[in-house]
Amino acid sequence: MSFLRCENLSKSYGQKVVLNELNLELESGKIYGLIGRNGAGKTTMLSIMSNQNPTSSGMVTLDGDNIWENRKALDRICFSRELNITAESGLAAYTVKRYLGAAALYLPHWDKEMAAHLMQSFQLDPKAKLGKLSKGMLSMVTIIVAMASKAEFTFLDEPVAGLDVVAREQFYKLLLDEYTETGRTFVISTHIIEEAADVMEEVIILNKGKIILKENTQDLIDRACYVTGLAEQVDQAVSGLECHHPESLGRSKGVTVLLKSGEHIGSGFDVTVQPLNLQKIFVALCGEEAQ
Amino acid sequence: MRLRYWAQEGLKFTGIIMAAALFYTFLMIGQDTRETWNEYLEMGALYLGMFGACMCMILGTSVYQVHAPLAISLGSTRKEVFLGIQCYRFVIACILLAVAALLLMLTGETAHSLVWTILPLGVAAFLLFNSIGAVLGCLSTKLGRGALIAISILTMLLCVGGVGAAVLIIALKYSLRGNVVLVVLGIGTLVYAMSMIFEVLTIKKFSVK
Amino acid sequence: MQQKLTEDKSIYLQISQMIETDILRGILLEEERVPSTNELAKLYTINPATAAKGVNILVDEGILYKKRGIGMFVANGAVEKIRIRRKNAFYQMRLTELLTEARSLGISKDELIAQIMREEL
């Protein structure tokens, strides 16, 4: 069992604080989902956790060793980030083959056969230039790098952006196949929360530069519920409980409740209690508008 | 050590430079048939050195805009990137100077003149132009496109003058004494060393955008 | 085991209920091997830990048992156990729901019984 930890991680760009004394502990051998609003700092966090970005303060450790410029630690980590290829960026002229060739040179556990096999099943032309690929195909390239890296800790930033629903299903199956076979640790950031919820063992919610929640996905879904009814009834039924995102319509009120172990919605009140999916829980926790 | 990527990229770049130099030489041959064979070889060697040094300066930013981010995004440490950049420049300079020396040997240039005058000047040229490329590259990580283009143009104008001076020196190569060559080489090394310090400071904080 | 997962109930509960239903329907027989958690995970595109949670519910209830190194098997008497539990759940939830709804609609017990007698079972 290995541990990848962010310890009091802070990152600022000038006056703008992106990550604020963030603490996170990742156990090896799980698929983690990283969700957060745009600009919450997901890419920055993953970037720092893979030596691609220096911290402003705090550090990232792997089994206690600081990963910064640490060759041994970095051999176990791979962050396949979204390839942002503009027409002018030099990488646009790289062919898929050349890019994967560079990956093969750098990633110590690179699996050549897997990369070739995935290129075939994604129907990617090795001679195609990165600048000419569609967003979906670029996503496929980043997926190939992540999978074939065979890194113990693999991070993917929005891997399914640009993929149609069939391709996304293929990705989840690929991810599960690889996970069940190797037990590698994956951290996957995504905006398509509901689809990914089934695949993620634990969900990590990043909001405004801090981790507000890290929990087993099923446990979180089990303890969340949506209570609706007459406003006064609802207020009494949920008194003392952790409530989020209250919504009012006329005399009725709806509120998202996260029950702690042993807690229940107050009985005897005329309210409807419904389960919530992960996406709705996320919106309740991170969407501020209704307040 | 992950230098293979940098060495490979250096070789690719060298190939491009040699092709450009060859093309230009043939262009010159096509224009003026009065020159002797020897003079064409000398021209070829000169162009190799010129194109090589100039390209190193002008495209010094690609190392920081393309190769370094790629390397770091694939797990390279910044120390490896720094060494890789040196390796990249070393490969280019070595091959181009070696080929240039070969061409000059074919013209009957003496080994003595080659080793004590021409090659040191070639090395000095590469050191100087690479330092400029290094500084421009480091600046490219901090400045926007506009500022960078302005600085690059200014530098290029400076260097056109510098290249002119280099051509002059080589034309006068027979009248040069060893001391001047050593001084030029010394200056080149010093300037490069300073640019390396700037590079180290830049790379230490390098982040992939 | 061909049903799709729905959104209204926890996934691991759906997994355990699907396995139970298959046992009741004779798709999985007693003393027969049940798909492994990895196989279930791949089949439904869910995390193996979630599949394991569903399977463990059935292990705790004595409906499945584990043979070390080989896998999960349907326990002897599982069919009867499941039938009894579902019957109790039916009475506890569906019947109570039915009676509550009937009361709020003003349907008397006699009216309800008469209607039931008219239905085919």
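The values are calculated or read from the model by the stated rules, or taken from the named source; none is laboratory data. Worth saying up front: this structure is predicted, and the values here are computed from it rather than measured. Reconstructed Cβ throughout: ideal geometry from the backbone, glycine too, with neighbour counts over all protein chains shown.
Data overview
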| item | result |
| --- | --- |
| Residues within region B:69-86 that are out of contact with any Asp or Glu (no Cβ under 6 Å at 6 or more places or on another chain) and not in a helix (DSSP H, G or I), tallied | 3 |
| Filter result for the condition that a residue is surrounded by 14 or more Cβ atoms within 10 Å (Cβ to Cβ) and among the β-branched types (Val, Ile, Thr), over C:Ile70, C:Ile63, C:Ile116, C:Ile84 | C:Ile63 |
| Evaluation of B:Ala19 against (1) in a helix (DSSP H, G or I); (2) more than 16 Å from the chain's Cα centre (by Cα) (one fails), failing number | (2) |
| All positions within region A:196-210 that are out of contact with any helix residue (DSSP H, G or I) (no Cβ under 7 Å at 6 or more places or on another chain) and either of a type outside the set (Lys, Arg) or without any contact (Cβ under 8 Å) to a residue 12 or more places away in the chain (or both) | A:Ala196, A:Ile204, A:Gly209 |
| Residue ranges of helices (runs of 4 or more DSSP H) in region C:4-121 with at least 3 members small (Gly, Ala, Ser) | C:48-60 |
| Boolean, B:Leu41 is farther than 30 Å from A:Met147 by Cβ, part of a helix (DSSP H, G or I), away from chain A (no Cβ under 14 Å) and out of contact with any Ser or Thr (no Cβ under 6 Å at 6 or more places or on another chain) | no |
| Which listed residue, of A:Leu124, A:Leu133, A:Leu91, A:Leu83, is more than 25 Å from A:Met200 (Cα to Cα), within 13 Å of chain B (Cβ to nearest Cβ) and at pLDDT below 95 | A:Leu91 |
| When residues of region B:77-94 are limited to those that are away from chain A (no Cβ under 14 Å) and not hydrophobic (A, V, I, L, M, F, W, C), the one nearest to B:Phe13 (Cα to Cα) | B:Arg89 |
| Selection status of C:Ala52, touching a helix residue (DSSP H, G or I) at 6+ places or on another chain (Cβ under 6 Å) and at pLDDT 90 or above | yes |
| Yes/no for B:Ile92 being of a type in the set (A, V, I, L, M) and either out of contact with any helix residue (DSSP H, G or I) (no Cβ under 9 Å at 6 or more places or on another chain) or closer than 25 Å to B:Thr155 by Cα (or both) | yes |
| Of the criteria (1) surrounded by 18 or more Cβ atoms within 10 Å (Cβ to Cβ); (2) touching a residue at least 12 places away in the same chain (Cβ under 8 Å); (3) in a helix (DSSP H, G or I), which one B:Val66 fails | (2) |
| Count - residues of region A:51-77 that are more than 11 Å from A:Cys6 (Cα to Cα) and within 12 Å of chain B (Cβ to nearest Cβ) | 15 |
| Pick from region A:238-254, criterion touching a residue at least 24 places away in the same chain (Cβ under 8 Å) and not in a strand (DSSP E or B), ranking: nearest to the chain's Cα centre (by Cα) | A:Leu241 |
| Candidate set: region B:95-127, residues that are of a type in the set (Val, Ile, Thr) and over 21 Å from B:Lys12 (Cα atoms); chosen: the one modelled with the highest pLDDT | B:Ile118 |
| Residue ID - farthest from the other protein chains (Cβ to nearest Cβ), chosen from residues in region A:170-195 that are free of Cβ contacts under 8 Å to residues at least 24 places away in the same chain and either of a type in the set (D, E, K, R) or out of contact with any helix residue (DSSP H, G or I) (no Cβ under 9 Å at 6 or more places or on another chain) (or both) | A:Glu181 |
| Selection count, region A:273-291, where residues are touching a residue at least 24 places away in the same chain (Cβ under 8 Å) and either within 14 Å of another protein chain (Cβ to nearest Cβ) or charged (D, E, K, R) (or both) | 9 |
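Yes or no, residue by residue, for (1) more than 21 Å from A:Thr180 (Cβ to Cβ); (2) buried (at least 18 other Cβ atoms within 10 Å of the Cβ):
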position: C:Lys9; (1), (2): yes, no
position: C:Leu29; (1), (2): yes, no
position: C:Ser36; (1), (2): no, no
position: C:Ala41; (1), (2): no, yes
position: C:Tyr44; (1), (2): no, yes
position: C:Pro48; (1), (2): no, yes
position: C:Gly54; (1), (2): no, yes
